[in-house]
Amino acid sequence: MFENLQDRLGSILNGLTGRGALSEADVSAALREVRRALLEADVALDVVRSFTDRVREKAVGAEILKSIKPGQMVVKIVHDELIEMLGGEGVGIDLHAPAPVVVMMVGLQGSGKTTTSAKIALRLSTREKKKVLMASLDTRRPAAQEQLRQLGAQANIDTLPIISGQSPTDIAARAVQAAKLGGHDVVILDTAGRTHIDEPLMVEMAEIKKRSNPHEILLVADSLTGQDAVNLARSFDERVGITGLVLTRMDGDGRGGAALSMRAVTGKPIKLIGVGEKMSELEEFHPRRIADRILGMGDIVSLVERASENIDAEKAAAMAAKMAKGKFDLDDLADQLRQMQKMGGMGGIMGMMPGMAGMKDKMAAAGLDDKLFGRQIAIIQSMTKAERTNPDLLKHSRKKRIAAGSGTDAAAINKLLKMHRQMADMMKMMGGKGKGGMMKQMMGGLAGKMGLGGGMGGMGGGMPDLSNIDPRQLEALQKQAEAAGLGKPGGGMPGLGGLPGGLSGLGGAKLPGLGGGFPGLPGLPKKK
């Protein structure tokens, strides 16, 4: 998401911050590049024009050009305007209405309405503790109603019983009545789509709206359609009247221009974004966090939220206890790798760490990608329980068997064992002497600077249940992290010996984790 734009804007703005003084010509030249980058990212022309005009108006003022750090001031202006273009503050689904609250899903065929309906239902039932009823109004597409029923069964969400021959408007009225009788808090209406906008579709949507009186009308749009998504949003808003947008397949679009354009063109907030195929892969859209990611400033808050959702508190506590005793076997290493995968893999985590966005390419060039995790887990799973507990048993004949079982070779197994030895040695140092040893000192620095006290444990072992943290404290994390120097290029990570410019020494064993990285994240060996 936004990878191309992030790379382009990052290089343009880094050129500005590296200069001692800026002239008006420097700012104009940079804005020309920004304009080109936004257009290449598929942002609408009128949106790009108004954005660059606003930035230019603020950036060529005397106080900017003569300020102590003019380049950083320009970056701040671009950042603020990006947030404004994306909608200022994040807006969630509004449930402040008498139950059952009706949420109507609209959009073209193939945009992901049915799957998104189920994702929203799961999110509301697990996070908001709401009782949700889903109803499919799609009588045109074969098996559309059955698809929603199966998704409901998979997510343990109630679905309206299918009665063949009913019209979409009758199904909508029956769904609202059933939700009232069943004591449901929310009813989600999954409407039919077309391959393109036509008059019968709009008439049907208007009739459903009249019969069901929805509190929210969410337009589901495929972010890969680019500018067509903007025209689609405008058409639906004029004829039906939408209250918000949901963008799907954001994980598959490196440009993200539709997201940047749709909010500015329609004036309607983007409420949710689909970031994967799994039922849980639906995120709230926070303009400030997205702007931070685009400009390579990281997204600590989302990283902490993702950790709280994916890290098992009991496993983390057990891991912390083992680490305190200096124990770390291959089963523990496999757990760490799986947790990394759940949190979005190496690329996902690095993209959210301040100042780390640029490291992804370097790591990929060194062969350190997320496929590496899968191969390493396969190697560990090909071992017996005794071998995982005591890697010293692994002699040549055993390695040969494991290589055959995991589809790798002896060299890959040796690299894994070397990495495990380095991490195990580090765990002994951490768990060792004094008050909590090295682990407490290192994580204490990071947790203290981020306003979490001493409770932030290792990212993979010792992470507490963060779901109980006050949301306002979570929102304050980003600012506190930036104030601590996390958002500054070359600021490094507090408590980790200040890794200049992000990760240094990717292959070394100076720090656990990325071989010079973060405690609790799997170490990565040097590429030979």
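The values are calculated or read from the model by the stated rules, or taken from the named source; none is laboratory data. Here the structure is a predicted model, which is why all the values come from computation and not from measurement. Because the Cβ atoms are built from the backbone with ideal geometry, glycine has one as well, and the counts that use them run over all protein chains shown. Surface accessibility is based on the protein's heavy atoms, side chains included, excluding ligands, DNA and RNA. Shrake-Rupley method; radii C 1.70, N 1.55, O 1.52, S 1.80 Å.
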Would you mind pulling out the separation of the Cα centroids of region 133-178 and region 218-232, in Å? 25
At a Förster distance of 35 Å, what's the computed FRET efficiency of ASP170 paired with ASN231, Cβ-Cβ distance as r, to 0.05? 0.65
I'd like the accessible area for ILE12: 1.4 Å probe, protein heavy atoms, all chains in place, Å² to the nearest 10. 20
What does the C-alpha gyration tensor say about the overall shape of region 239-284? Classify as rounded when a/c is under 1.5, otherwise prolate if a/b is larger than b/c, or oblate. oblate
Those GluC sites (Glu not before Pro) from region 66-142 that are DSSP loop and have at most 10 other Cβ neighbours within 10 Å turn out to be GLU89
Under the Karplus relation with 6.51, -1.76 and 1.60 and θ = phi - 60°, whole-Hz ³J(HN,Hα) for region 131-142, x at Gly and Pro, equal 8, 10, 10, 10, 9, 8, 9, 8, 8, 8, 6, x
Per the rule of 0.36 nm per residue minus the C-alpha distance, extending GLU89 to ARG421 adds in nm 114.9 nm
Percent of accessible area on region 197-246 owned by carbon and sulfur, 1.4 Å probe? 47
Sorted peptide list for 130-138, 149-157, 110-118, criterion being average Cβ within 10 angstrom, highest first: 130-138, 110-118, 149-157
Work out how much length LYS210 to LYS322 would gain on full extension: take 0.36 nm times their residue separation and subtract the Cα-Cα distance, in nm to one decimal. 34.3 nm
Starting from the Cα of ARG140, step 7 Å along the direction of its Cβ; do the same at ASP198; then give the gap between the two resulting points in nm. 0.6
Under a 1.4 Å probe, what is the accessible area of region 80-232 per residue, stated in Å²? 43
Tell me the accessible surface of LEU108 in square angstrom (1.4 angstrom probe, heavy atoms of protein chains only), to the nearest ten. 40
Taking a ≥ b ≥ c as the square roots of the Cα gyration tensor eigenvalues, with a/c under 1.5 meaning rounded and otherwise prolate when a/b beats b/c or oblate if not, region 215-255 comes out oblate
Cα gyration tensor shape of region 131-252, rounded if a/c is under 1.5, else prolate or oblate by comparing a/b with b/c: prolate
